[in-house]
Each structure stands twice: as structure tokens, then as C-alpha cells.
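Enquirer: The structure that follows is given in the form of C-alpha cells.
Please treat every number below as a calculation from the coordinates, not as lab data. Keep in mind it's a predicted model, so treat the numbers as computed, not measured. We place every Cβ from the backbone using ideal geometry, glycine too, and count neighbours over all the protein chains shown.
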Ligand code: SAM
């Protein structure tokens, strides 16, 4: 069946069976309830259905239905819902959900935030742009380290499962990819009040990467610079430091002691 790939839906399809099997095997979904975002032409879908307890797929492009219908008929544990994943309600799908997806790149970050904010979702194995993957797993002091790296490490254990070259996709995108594994923490690391402060101070700390932490926080919160400098000093942190040098543990300590308005 012929299908013209739609750029606006981020359609870059996978074909290589070895790669698909490798992704599914490393996603640890045996007998689990699984969600696939964007089954496309079903390349991953059959492999997922063979291992999952229940597989629910969300596909925005209804023109793929004629290709996906025969696959859906083949598996009793597979349901394909033709809906935008971003607005889909996941509450009835169980409370131990695992997402596997070759993500449409135009909504990579919103998808990751939806996964983080949905408590029933426990793990995600996602094909994303390599550059975004590097940022999400980056360590302090490296160029890729940013707001997202810290927020991600706060919510989950993250690691790269594998690199995937651009020529593995049809049509071929302009960037290489990687599969990232996100294993969410069972319990929040901070209480809700400190968490809110943490998210805010991390976001503002990286607002302008070349500026110091003091300057970024001064601009964000209008706190006198002297106060910020003294606050940092009480943690033995140099006043000229930039956010890229601060590890998540330090940000958490700072959030716990923060007394200013955010
Ligand atoms: N899983 C297939 C594969 O690996 O070959 C297709 C992957 S392709 C990168 C992304 C898929 O997500 C496309 O089928 C696209 O139509 C679908 N998609 C795009 N935006 C979506 C959305 N908001 N909700 C659900 N599916 C979406």
C-alpha cells in the first residue's frame, strides 16, 4: 500500500527489522501495558504487540488506517486510536504504563513533558533527535547541560539506549537520532513546595547561559545581588558561577533553603 509521508506530522518511518527488534527488546515491556505514540505504518507495532500485555497506539493521521487495520486485526491485545496523543486521556489505560515510540520530532519536548506529568507512565523508550538526547542526559560542566538536563534528572533516571543514523529512516531526516530510556522515580525527591521552587530556579538559572547565576536570578526575581551572593556563599558557591556548573543535588539544596518569592 502506498503512503506519502507527511512532513507536518513528522513522518520518518523505520524499516530495519533488526533495529526494531533491538528497540523493543531493550524496552523491557514483556507482559506490560504499553502505549505507542505514532504507529505510522506499523513498523514497531507488531513487535510491541507480540510482547505487550495490552498495546494502545495513538495515531493522528487517519490516512494510515488502511495500512494499520490488518495489523490491528492480527492481535487481540492491540487497539489503535486515531487521535492526537497530546490531547488524549490516558486515565483508563491502567496505572503501570510504558511508552515506546519513534517520536514525531516536531513535538518531542511536549511529549516528554506529558510523559513526566502523567503519573501512570513509569518508563519511556523514545527515538528522538540525537542532539536532544545529548541535552537530556548531559552532566554538569558539559556544553549540552541545560535546564532540561536538570529537570529530567530530577524526575527520572535517563540513559541513551543506542545511536541511530539518519539513513535508517524513510524519508531520511536531516539529523541523526538516538533512543533514550526514561525510568521515572517512584517518589518525588522534594516536597511539593520545594519542587515548585526548584523548577523555577533551575529554569531561570539557565535563562541566558553566558550570564552568571547571580545575574540570571537578579533579573528573574529582582532580589538584591548582595543577597544572592550571600545565599550562594552559605553553600560555598562562588558568586561568578554559571548554571552549567551546578549539579542537580546543589540545585535541590538551594531550593530547600530558598526564602524569596518566585
Ligand atoms: N512508528 C513509526 C515508525 O517507527 O516507522 C512512525 C514514526 S514517525 C517518526 C511519527 C508518527 O507519529 C507518524 O506516524 C505521525 O503521523 C504520528 N504523529 C505525529 N503527530 C502525532 C500526534 N500528535 N499524536 C499521535 N501521533 C502523531
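Enquirer: Fewest to most neighbouring Cβ within 10 Å: what's the order for 246, 107?
Expert: Ascending Cβ contact count within 10 Å gives the list 107, 246.
Enquirer: Angle between the Cα long axis of helix 248-257 and the longest principal axis of the chain, 0 to 90 degrees, nearest 10?
Expert: Result, in degrees: 50.
Enquirer: Rounded to whole Å, give me the distance from the Cα center of segment 159-181 to that of segment 53-113.
Expert: 20
Enquirer: When each pair of different Cα atoms in segment 7-184 is counted once in the 1/r mean, what is the Kirkwood radius in angstroms, to one decimal?
Expert: About 16.3 Å, per the Kirkwood formula over Cα pairs.
Enquirer: Moving on. How many percent of Cα pairs in segment 192-257 exceed 13 Å?
Expert: Of all Cα-Cα pairs in segment 192-257, 60 percent lie more than 13 Å apart.
Enquirer: What percent antiparallel are the DSSP beta bridges of the chain, to the nearest 5?
Expert: 45
Enquirer: Provide the FRET efficiency to the nearest 0.05 for the residue 117-residue 174 pair, computing r from the beta carbons and using R0 = 30 Å.
Expert: According to the calculation, E is roughly 0.50.
Enquirer: Taking the Cα-to-Cβ direction at residue 190 and at residue 16 and moving 7 Å from each Cα, how far apart do the two end points lie in nm?
Expert: Label-label distance for residue 190 and residue 16, simple model: 4.1 nm.
Enquirer: Test of understanding: ordering 127, 162, 152 by Cβ neighbours within 10 Å, fewest first, what list do you get?
Expert: If I rank by nearby Cβ atoms, fewest first, I get 162, 152, 127.
Enquirer: Still on this structure, I have one more. Quick one: compute a quarter of the convex hull surface over the Cα atoms of segment 82-142 and quote it in nm².
Expert: 4.9
Enquirer: In degrees, nearest 10, range 0 to 90: what is the angle between the Cα axis of helix 65-74 and the longest Cα principal axis of the chain?
Expert: Approximately 80 degrees, to the nearest 10.
Enquirer: How big is segment 137-211 on each of its three principal axes, counting only the C-alpha atoms and giving the largest first in Å?
Expert: 46, 35, 21
Enquirer: Based on the mean of other beta carbon atoms within 10 Å per residue, what is the order of 7-15, 83-91, most packed first?
Expert: Per-residue Cβ counts within 10 Å, averaged per peptide and sorted highest first, yield 7-15, 83-91.
Enquirer: With a point put 7 Å past each Cα toward its Cβ, work out how far residue 143 is from residue 30 in nm, to one decimal.
Expert: 4.1
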